[in-house]
Every structure is written in C-alpha cells, then in structure tokens.
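Here is the structure we will look at.
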Amino acid sequence: MPAIVVDHLAKHFSTVKALDDISFSVGKAELFGFIGPDGSGKTTLFRILTTLIVPDMGTATVNGLDVVKDYRKIRKDIGYMPGRFSLYADLSVEENLNFYATVFGTTVAENYELIRDIYSQIEPFKKRKAGKLSGGMKQKLALSCALIHKPSVLILDEPTTGVDAVSRLEFWEMLKRLKNNGITIVVATPYMDEASLCDRVALIQDGKLMAISTPSEVIKTYPWSLFSVKADDIFTLLNDLKSFPGVHTVFAFGQAAHVSFKERNMDEKLLSEYLLGKGHSGIKISPAEANIEDCFMELMIKT
Amino acid sequence: MRTLLFIIQKEFLQIFRNKGMLPIIFVVPIVQLLILVNAATFEMKSIRVSVVDMDLSTSSRKLISKYEGSPFYKVVQTTFSYDEAMDQMQKGKVDVIINIPNGFERKLVRENLSKVQFVINAINQAVAGLSSGYCTSILIDFNRELMQDWLSPAQMAGLKNIQTDFSYWYNPKLNYKTYMVPGILVLLVTIIGLLLSGMNIVREKEIGTIEQINVTPIRKIQFIAGKLAPFWIIALFELAFGLSIGKLLFDIPMVGNLWLIFLSGGVYLFVILSIGLLVSTVTNTQQQSMLVTFFFLVVFILMSGLFTSIESMPGWAQQIDRLNPLMYFIKIMRMVLLKGSTFADISPHFWSLVVFAIMMSGLAVWRYRKVA
C-alpha cells in the first residue's frame, strides 16, 4: 500500500485555484520531491496532507487514513516542517524538543536514536534560544522536532530555503538516511538542483501537476538540442542569442547561457560567427546535457 | 492531563522569560494603583474664585471672607469690573466669579432680600455641579449667621428650623480612596487578563507556531486551557497583590470574607479570559487584537460604575450595562470589602457572572474550533 494517495484533489481560495485536480501517490520509504515556483500550490497541498485545511474536492489518504475523517490519527503518524520557522523562538533548543516530545506523548530519550545524527550537531547549543540559532541550525532543530515522535511520513515544506549551500547538502544527506530508515518523505523545494536528489519528482505549476517521474526520466524527455554558451559579457550575450534565427529558448545558467534549438543538427560555427559579428569575445560553445531546470523551463513554456 | 500541565509549564516559562512582560505584570499595577487612586478624585480643592465686589460693605466683606476661609476656595482676583473677571474666566484662570452688586447691604437691611450672582465655568459639568453646591452651602451658612446677628435669641427660638445631620454608612469619613481602590483593582486585573490572553493566542498565529501545534495530537480544548490557566493564575495573584497594597498603603477596609472576593474573582477572570480568547479567534494580528480589546475595555470601564454612578445613567444604558461583567465584579468588591456582604447578598451578581462565564467560554471555544 502506498504511503500517500491523492485522488483528484482541488482547493481554491476565493477566485484563486490553488490546487486543480491533482492525483498522485507516494510509495513507502520514497523520497518524493515537489518542484515548482512560489505560489504554485505546494504549500496548500501540504497543508491538506497535514490535516490543517480540508480540500474542496477529491480525497487524500496518508497510510490509508483519510485526511478529513481520520485527521486525529494522521497527526500521530506524520512529521511536518512548515516553510516558515515555527518553533518557539523564546524557548531553548532543549525545551522545544522536550515540548514536542511531550505533546506527542513520548520522550526525547525514547526516540533519540532516530534524531541522533541531526540533533547531535545542535546539541552543543541546547541551552541557546531557538530564535538565536543560525538558519541551518534552525532547520536541524525543526527537523528534530518533526521527527521526535517517530513519524512514518515526513512532510517538509521548502526546508532548505534560506540555508547556505553546505547546510543544504548536509540536510539532504540526512533525508537520505531517514529514507533508509523506512520513513516516507515528501519535500517541496524551489531549488532545481535538489530535485535530482529525489527518487521521484513532481513538477507543479498554477496548482496543476505537469509531470511526475524520476529525475533521470524527466531529463530524458527533454526534446531539443541544448548548448551551453559562454562569453565575457553575459548580459548582452543573452539578448543577442535571443535574436539568433532558430533559437527556441535562452536562459542564464550560472556563468553560461543555455540555448535550445528545435532543429537537431545545429551548426555551432554559424552561431560562433554570429556572436563574433556582434562583437563578443571569449566565446565558448559546447553541447550541454539538459538538467531538471531546463526541463522545468520547457514545461512552463508549453502550458 | 500530562500534556495540559506541560503546556501550562511552557506558557509560564515563556511569560517569565519575556523581559517586557514581567514589569507589565508586577510593576505597572502598583504604579497605576498609586497614581490612579491618588489622582482620580472628585473632591474639589482650591476652586479659583474671582470676586467682583461693587458694594464694599461690611456684609459683602463678611461674605467674601467666608469664601477666603474655606479650604475649597482660593480667591485669585478681586476687582470692581465684571468684564475683567469674565476675561480671566475666558482665559481659564478662574472657575467661579462671585458678583456682589452695589447696594447689597442696603437692600439686605431695608428689604430683607438681596441677591448675589455666581458665574460658574461649566466646561466640566461635574466640577461645575460641585462648585455650585459648595457655593450655595456657604451662602446658607452666611444666611444663618446674619439671622443670629440681627435677631434676638427669643426670636431665633421662635423660628422653625430643621437641622440636618448626616452619618455616612460603610464609609464614615467619606474617604474617596476606600471607594476607589476596590474598583481600580478590578480594572487592573481586567486589563491584565484581557490584554494578555487576547494577544497570546494571536501571537502564536502571527509567528506561525500554531501551525506546528495544530499538526500535533493536542486537542484544541487542551491547548486553550493550557494557554488561559497561567493568565488566570497570574491575574488572581495580581488581585491578591493589589489587595495587599490597598490594605498596606491606603488602609482600605476589609470587612467581608476575602474568600468570597477570590471566589467571585475566579469566576470573573474566567469571563474576562474567555472574552480575550474570543477576540483572539476573530483577529489575525496582535495589533488588531489590541484595538478590539481596547474598544471593549473603554466601554466596559466607562460603564462599570467606577467613575460614574450606574443609577444616574439613562434607563437604556442601564439595561446595556447588565452585559458588563466589570460592573458586577466592582459591585461585589465594594459590597464585600466595605459592607461585609455575605454570599447571599452578592449572589445575584455572582450568578450573573457564572452565566457570563458559561456563555462566553462556550462561544469562544466554539469560534476557536471553527476557525482553527
């Protein structure tokens, strides 16, 4: 039985359709990612799954329990980390953890094994107030609190937003270990690079699911030929590339521009000469592998 | 039950950790009690008087000296021009003008009747009413003395006269503080209870912690009880604290049974905290909560009978005031402390509070379930 089954779920706020007929399922011990821009409906979906709001239409179950009817039972089974830091800033690290343990009718000692990896990193600061922790440490504490009652499903809403690159990487390492412990994890992220770390990803925009598959398969579906173009003046480069005949899309990607062409056999030389003619220097053109971000951009254009 | 205790423990931890909160709870009430009790008085002292004496006779001087000798009056101007006196009143430097016309004494002797004019600044009608009352009583006194001077003892005895004597029950010295302290104490615990409880749950909404709480198996009723219990305890403590200050500093009488005060206080605070909770369910930010709370507080306080007597309100206002919990508790406080009323005496007010408590808490919990 899958851990989460969502069937034709819809929710609107006044005139805005936050979720529009969404269906998917998440298997046990799967690391499932939701990728989408701000306002795409990720948080609304998570709030329904965590029994905070009720859907207008459709059903959703967690471990076979209905989110509307069995909300009380579900709350014991899930761990939720909202996008906003929502622990008590004026309580210490230790007090927060103890509080959430007690609220779930357990103790820190009882489930210490599960959070040891994470909590041991912030334990030196256990007397510090939660509000005074750094962004990365706050996330670790929030994750510890969400895990303290040994949930079977963990729902994380943009857990790494506002966290530095190193902490982000660490955080995902932890998620993998939790997954190996048999915990189902659903995570939303605006970072495309994190998507490739998931078992499966769902691309969501304007309340609609645009694609669900493994990261490698998402990449495989990319239909065009893609090039990475570098030049000294990246800003004019982007503009000039857009006016080159046959170009489908141009996106800045780090230090380079990702250019896609609808025709398969593009002549790199032609492009190179065109750019030289525009007065660019330091031009480097190389074929590129599509990544999740490219695929997502492509999907966004289609809709 | 363990969860509930733990929530209460957590709340206390947060309250005592909040450096801004402690002074509000412990220092502000003392300061308020000291300031309000000493400042909020209706007793008139040093009414500023301008005397326009056109007569300059023995009688007129005698009359003026009576005002000069009174502790309530301070003659700040003596003039022959009414316009000059009026000018001073216009500038706000004079409260009362005593206008004694020319021929005051002559008329008194020849016609047995003479007139004096009092012009009173009635910007504040309460003060004006008191001023005119004092003025008249001094004039009556003056009249009596005149008779004593002009009539023989035999004639005096022939006059029929009713003597009035007052004895003031429950507050024999008409001590204003005795009357104010119990009322102001109610005000203090109300402010503490209403504001703190109204803002506390909203605060959890505002900083988002309620989101995390709501996904836990905590029952709403547990959460609310855990939130309100600490404020209930603090406010009752505040009441005890205020009563001690009242006794030690102002020596207010405590005739009745103090347990009766605390019993009613407990029920009353339950009402107030429920109102606070209700406010916090209909608002989303601490600011909104503050504004709504303030609105209710002002209406409750002004109609509580603390500053103005309820009996002098128009009938419809008295009917509305039956919905004012403050009014009941102030009555109970004054009855028990000053009169030594027993439970039977206060029971109509007490049961009103109980009805309020049931209604308000029911409403608040119902609203809270619906929104959150």
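For residues that are part of a helix (DSSP H, G or I) and in contact with a Pro (Cβ under 8 Å, 6 or more places away or on another chain), tally how many sit in the stretch B:198-238. Going through the stretch B:198-238 one residue at a time, the tally reaches 3. Evaluation of A:Gly83 against the conditions (1) more than 7 Å from chain B (Cβ to nearest Cβ); (2) in contact with a helix residue (DSSP H, G or I) (Cβ under 9 Å, 6 or more places away or on another chain); (3) modelled with pLDDT of 90 or more shows that the sole unmet condition is (3). Can you find even one residue in the stretch B:78-95 that is assigned to a strand (DSSP E or B), surrounded by fewer than 18 Cβ atoms within 10 Å (Cβ to Cβ) and more than 14 Å from every other protein chain (Cβ to nearest Cβ)? Within the stretch B:78-95, one or more residues are assigned to a strand (DSSP E or B), surrounded by fewer than 18 Cβ atoms within 10 Å (Cβ to Cβ) and more than 14 Å from every other protein chain (Cβ to nearest Cβ).
Of the residues B:Leu36, B:Leu63, the single one that is in contact (Cβ under 8 Å) with a residue 60 or more places away in the chain and either farther than 28 Å from B:Lys177 by Cα or part of a strand (DSSP E or B) (or both) is B:Leu63.
Condition check for B:Trp351 on (1) surrounded by fewer than 21 Cβ atoms within 10 Å (Cβ to Cβ); (2) touching a helix residue (DSSP H, G or I) at 6+ places or on another chain (Cβ under 8 Å); (3) assigned to a helix (DSSP H, G or I): one failure, at (2).
Residues in the stretch A:134-148 that are at pLDDT 90 or above and either in contact with a Lys or Arg (Cβ under 6 Å, 6 or more places away or on another chain) or part of a loop (DSSP other than H, G, I, E, B) (or both): 1 in all. For the stretch A:86-96, residues that are of a type in the set (Val, Ile, Thr) and either at the interface with chain B (Cβ under 9 Å from one of its Cβ atoms) or on the phi > 0 side of the Ramachandran plot (or both) total 0. Screening A:Ile115 against (1) under 23 Å from the mean Cα position of the chain (by Cα); (2) over 17 Å from A:His149 (Cα atoms); (3) more than 7 Å from every other protein chain (Cβ to nearest Cβ); (4) buried (at least 19 other Cβ atoms within 10 Å of the Cβ) leaves a single unmet condition, (2). Considering (1) within 19 Å of the chain's Cα centre (by Cα); (2) within 18 Å of B:Lys205 (Cα to Cα), the lone condition that B:Ser304 does not fulfil carries the number (2).
Is the stretch B:42-59 home to any residue that is farther than 30 Å from B:Lys247 by Cα, in a helix (DSSP H, G or I) and more than 14 Å from chain A (Cβ to nearest Cβ)? Yes, the conditions are met somewhere in the stretch B:42-59. Candidates are the residues of the stretch A:124-133 that are in a helix (DSSP H, G or I) and either loosely packed, with under 15 Cβ neighbours inside 10 Å or modelled with pLDDT under 90 (or both); the one that is farthest from the other protein chains (Cβ to nearest Cβ) is A:Pro124. The residues of the stretch B:232-256 that are touching a residue at least 60 places away in the same chain (Cβ under 8 Å) and either exposed (fewer than 15 other Cβ atoms within 10 Å of the Cβ) or aliphatic (A, V, I, L, M) (or both), listed by number, are B:Ile234, B:Ile245, B:Leu249, B:Ile252, B:Met254, B:Val255.
Considering every residue within the stretch B:270-288, establish whether at least one is within 21 Å of the chain's Cα centre (by Cα) and in the same structural domain as B:Asp345 (by TED's automatic domain parsing). Lay out the reasoning, then the answer.
As a first pass, look at the stretch B:270-288 and keep what is within 21 Å of the chain's Cα centre (by Cα): B:271-272.
Next cut, in the same structural domain as B:Asp345 (by TED's automatic domain parsing) only: B:271-272.
The answer is yes, given that some residue of the stretch B:270-288 is within 21 Å of the chain's Cα centre (by Cα) and in the same structural domain as B:Asp345 (by TED's automatic domain parsing).
For the stretch B:1-33, what are the residues that are within 14 Å of another protein chain (Cβ to nearest Cβ), of a type outside the set (Phe, Trp, Tyr) and closer than 29 Å to B:Val181 by Cβ? Those that are within 14 Å of another protein chain (Cβ to nearest Cβ), of a type outside the set (Phe, Trp, Tyr) and closer than 29 Å to B:Val181 by Cβ: B:Ile15, B:Asn18, B:Gly20, B:Met21, B:Leu22.
Checked against the criterion of being outside the structural domain of A:Leu31 (by TED's automatic domain parsing), touching a residue at least 40 places away in the same chain (Cβ under 8 Å) and among the β-branched types (Val, Ile, Thr), the candidates A:Val229, A:Val250, A:Val259 yield just one match: A:Val229.
This table checks each residue for (1) in contact (Cβ under 8 Å) with a residue 40 or more places away in the chain; (2) away from every other protein chain (no Cβ under 14 Å); (3) among the small types (Gly, Ala, Ser).
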residue	(1), (2), (3)
A:Leu52	no, no, no
A:Ala60	yes, yes, yes
A:Lys69	no, yes, no
A:Tyr119	no, yes, no
A:Lys138	yes, no, no
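Considered as a group, the residues in the stretch A:97-112 that are among the aliphatic types (A, V, I, L, M) and away from chain B (no Cβ under 11 Å) include one that is surrounded by the most Cβ atoms within 10 Å (Cβ to Cβ), and that residue is A:Leu97.
Close contacts from the stretch B:89-102, counting a first residue that is farther than 16 Å from B:Lys115 by Cα and a second that is charged (D, E, K, R), with Cβ to Cβ under 8 Å and a gap of 6+ residues or different chains, come to B:Met89/B:Asp95; B:Lys93/B:Arg48; B:Val94/B:Arg48; B:Asp95/B:Arg48; B:Val96/B:Arg48.
Please tell me if B:Asn38 is surrounded by fewer than 18 Cβ atoms within 10 Å (Cβ to Cβ), modelled with pLDDT under 85 and farther than 30 Å from B:Gly242 by Cβ. In short, no. Scanning the stretch B:294-315 for residues that are on the phi < 0 side of the Ramachandran plot and touching a residue at least 60 places away in the same chain (Cβ under 8 Å), we see that the one that is surrounded by the fewest Cβ atoms within 10 Å (Cβ to Cβ) is B:Phe307.
Applying the condition of being away from chain A (no Cβ under 12 Å) and among the aromatic types (Phe, Trp, Tyr) to the stretch B:200-253 and asking which residue is nearest to A:Val153 (Cα to Cα) yields B:Phe231.
Would you check which residues across the stretch B:316-348 are in contact (Cβ under 8 Å) with a residue 60 or more places away in the chain, part of a loop (DSSP other than H, G, I, E, B) and surrounded by 19 or more Cβ atoms within 10 Å (Cβ to Cβ) and list them?
So in the stretch B:316-348, the residues in contact (Cβ under 8 Å) with a residue 60 or more places away in the chain come out as B:326, B:328-330, B:332-343, B:346.
Filter once more, so that each one left must be part of a loop (DSSP other than H, G, I, E, B): B:340-342.
Matches in the stretch B:316-348: B:Ser341 only.
Of all residues in the stretch A:271-303, those being in a helix (DSSP H, G or I), small (Gly, Ala, Ser) and touching a residue at least 60 places away in the same chain (Cβ under 8 Å) number 0.
The values are calculated or read from the model by the stated rules, or taken from the named source; none is laboratory data. Remember, it's a predicted structure, so these values are computed and weren't measured experimentally. Backbone-built Cβ (ideal geometry, glycine too); neighbour counts: all protein chains shown.
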